[in-house]
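Working notes, structure below.
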Amino acid sequence: MTHSVQELSERALAVRRDVVRMLGLARSGLLASSLSIVDILVWLYWGVLDVRPGEPEWEGRDRFVLGKGHGCPALYSVLANRGFFPREELWSYRRLGAMLQTYPEVRRTPGIDAPGGSLGQGLGVANGLALALRSSDPAPSVVCLVGDGELQEGAMWESALTAAHHGLDSLTLIVDRNGRQMEGATEDIKSLEPVADKFIAFGWTVAECDGHDFSSLRSGYGELAGAVGRPRCLIARTKLGKGISFLEEDPSGGRMVLDRNSTDRALEELAGEEDGQ
Amino acid sequence: MIAAERRPRDAYGQALLSAARMGKPVVAVDGDSASATRASLFAVEYPDRCINVGISEQDMILTASGLALAGKNVYVSSYGSFLVGRGYEQIRSMVAIPGLPVKIVGSHCGVSAGEDGASYQMLEDLALMRVLPNMTVLVPADYTSALALLTGAADATNPVYIRLGRTAVPDVYDDGDDDFAPGAGRVLREGDDVTICCCGIMVSEALRAAAVLAKQNIRAEVIDCYSVSPLPARVILNSVHRTGCCVAAEEHFARGGLGEAVAALTASFYPVPMKQVAVFDKFGQSGTFEELRGYYGLTASQIVGAAVQVLTMRRR
């Protein structure tokens, strides 16, 4: 399935608008963390992952694990727009009894392949999925998307060793390298650089790309295709709050709760971009 | 007569083999402990179905979760202290909350870890696991019940924790007995004077205690509460209705284990005087299994003493 960059951009814009509305309605939640992964998710779900929205439990599907559970609104919007469930569900996100819990829940939401919410655990679960599925023919791909801050979790590196030791080349780890965590810049709090060298030293094949540029994502992913017998890591440079100027500019924006005014401002900006295309 | 002694943990590899031979997609995950947990027996026949993730308990649980999500019948085993202790948050988030039927098998639990000392002697695993919703918690008393519970767990649709010790313990059940199920208990000796709820190594101690009590004309009812969660509530309540008093015995901290579970049950439905035989507010230490059992009071004579005390407290 190949979609033009134009089509993907339009989808990403629609997802950003959904996410702003979802968090505006919920009156809480981390908006900026969702916005940094929108383009990655759109590219995955409209260009990479082999899934069947009408048959979400299809055994041959590629699996997706969201490590950074706080980016879940973006995933929910992508799944809804991809046809896994009606978009109306988005508007009750975070509410009591809603199908869309704050963090991903298996068996509750169609299209969710793995539970999430606790940082540093997605990769280990993705390893388990890849180990279980590697004898299938063809072996489904397993993609795990993590935030850069959760690379500070120890379990992440246990799992990084496991993936390399077992040569899990059906596994791709995407790092949302937005450079920020709750209290500031990752490099000020607990330095992560050089991220690529760390994964290379752990036995991974690594590529880097611009996580907001579909051509760059595609070519970065393409570079990894030759990694036989090694797990793949794509470091996607991103911007927290991407798409909304006042969130991109304000470093503490990740924690901001949207009030009605800022929701309207954000939606205006996203509508503006749409008009400009 | 001295009963034969076997190690319940030897049942682990055997149970995996049985479940796999029944056609279940069994996968065993371990953390560099297969020879200690006896997963190695399974590995000989199914080498492709054994995954050793090295010394990394967090990753063990996460890997098990992923395998279960892909439809595998997953058993994960290591030393109880580290599997439950270090892996607890992973167990909670990635197994218990999503309700995946992963079988978590803690070996070397209780003071049976002996000379290995306090860090290895897991005395709080039942407390930690029992509080998790939908987690079945099983504590077999001997080899036969361990084999049956471990094999039967392959049919579970929810997470299961199974506690095993290190040492050999006297056989309680006949070979081939497989009448064990989550939520059930076994009345091993009937009596109308005092109820003894017990699990694990304390079952054979309770039977010895009951024999001593019988000589004093005190008829004890011994219930193997191998299913610590869910508790065999009906069996226990039916017994305390008749006896009016209860002793709970376990190789675990007095806090949070079988004793408190039984106390909560009886307090809600039929309050009776009760005493616990357990480890009170002390960590373990190095020593032989026998020495430690004596020091921490995990013996038949302690059960006898507790039974006599609750008898005097009961009102009938």
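With the structure loaded, tell me whether B:Tyr75 is buried (at least 22 other Cβ atoms within 10 Å of the Cβ), in contact with a helix residue (DSSP H, G or I) (Cβ under 9 Å, 6 or more places away or on another chain) and modelled with pLDDT of 95 or more or whether it fails that test. In short, yes.
Per the conditions (1) modelled with pLDDT under 95; (2) in contact with a Gly (Cβ under 7 Å, 6 or more places away or on another chain), the sole criterion not satisfied by B:Glu290 is (2). Would a scan of region A:108-128 turn up a residue that is facing another protein chain (nearest Cβ under 8 Å) and of a type in the set (Lys, Arg)? Among the residues of region A:108-128, not one is facing another protein chain (nearest Cβ under 8 Å) and of a type in the set (Lys, Arg), which makes the answer no.
Looking at region B:11-38 only, could you name the residues that are outside any helix (DSSP H, G or I) and either surrounded by fewer than 15 Cβ atoms within 10 Å (Cβ to Cβ) or at pLDDT 90 or above (or both)? Outline the logic, then answer.
Filtering region B:11-38 for residues outside any helix (DSSP H, G or I) gives B:22-33, B:38.
Selection gives B:Met22, B:Gly23, B:Lys24, B:Pro25, B:Val26, B:Val27, B:Ala28, B:Val29, B:Asp30, B:Asp32.
For residues in region B:39-71 being surrounded by fewer than 24 Cβ atoms within 10 Å (Cβ to Cβ) and charged (D, E, K, R), which is nearest to the other protein chains (Cβ to nearest Cβ)? Once the filter is applied, the top-ranked residue is B:Asp48. Could you check region B:167-202 and list, in sequence order, the residues that are under 14 Å from the mean Cα position of the chain (by Cα) and small (Gly, Ala, Ser)? Passing the criteria: B:Ala181, B:Gly183, B:Ala184, B:Gly185, B:Gly200. Selection of helices (runs of 4 or more DSSP H) fully inside region A:137-244 by the criterion of at least 1 residues being farther than 27 Å from B:Asn52 by Cβ, more than 14 Å from chain B (Cβ to nearest Cβ) and not aromatic (Phe, Trp, Tyr) returns A:186-189, A:195-201, A:214-224.
Yes or no, residue by residue, for (1) free of Cβ contacts under 8 Å to residues at least 60 places away in the same chain; (2) under 27 Å from B:Ile162 (Cα atoms):
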residue	(1), (2)
B:Asp193	no, no
B:Cys199	no, yes
B:Ser204	no, yes
B:Ala210	yes, yes
B:Lys215	yes, no
B:Glu221	yes, yes
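For region A:160-194, what are the residues that are more than 22 Å from A:Ser36 (Cβ to Cβ) and without any contact (Cβ under 8 Å) to a residue 40 or more places away in the chain? Result: A:Thr162, A:His165, A:His166.
Considering the conditions (1) under 14 Å from the mean Cα position of the chain (by Cα); (2) outside any helix (DSSP H, G or I), B:Leu128 is excluded by exactly one of them, (2).
Would you please name the residue that is surrounded by the most Cβ atoms within 10 Å (Cβ to Cβ), looking only at residues in region B:80-108 that are in a loop (DSSP other than H, G, I, E, B) and within 14 Å of another protein chain (Cβ to nearest Cβ)? Result: B:Val102.
The values are calculated or read from the model by the stated rules, or taken from the named source; none is laboratory data. None of the values given here were measured: they were computed from a predicted structure. So basically every Cβ, Gly included, is an ideal-geometry build from the backbone, and we count neighbours across all protein chains shown.
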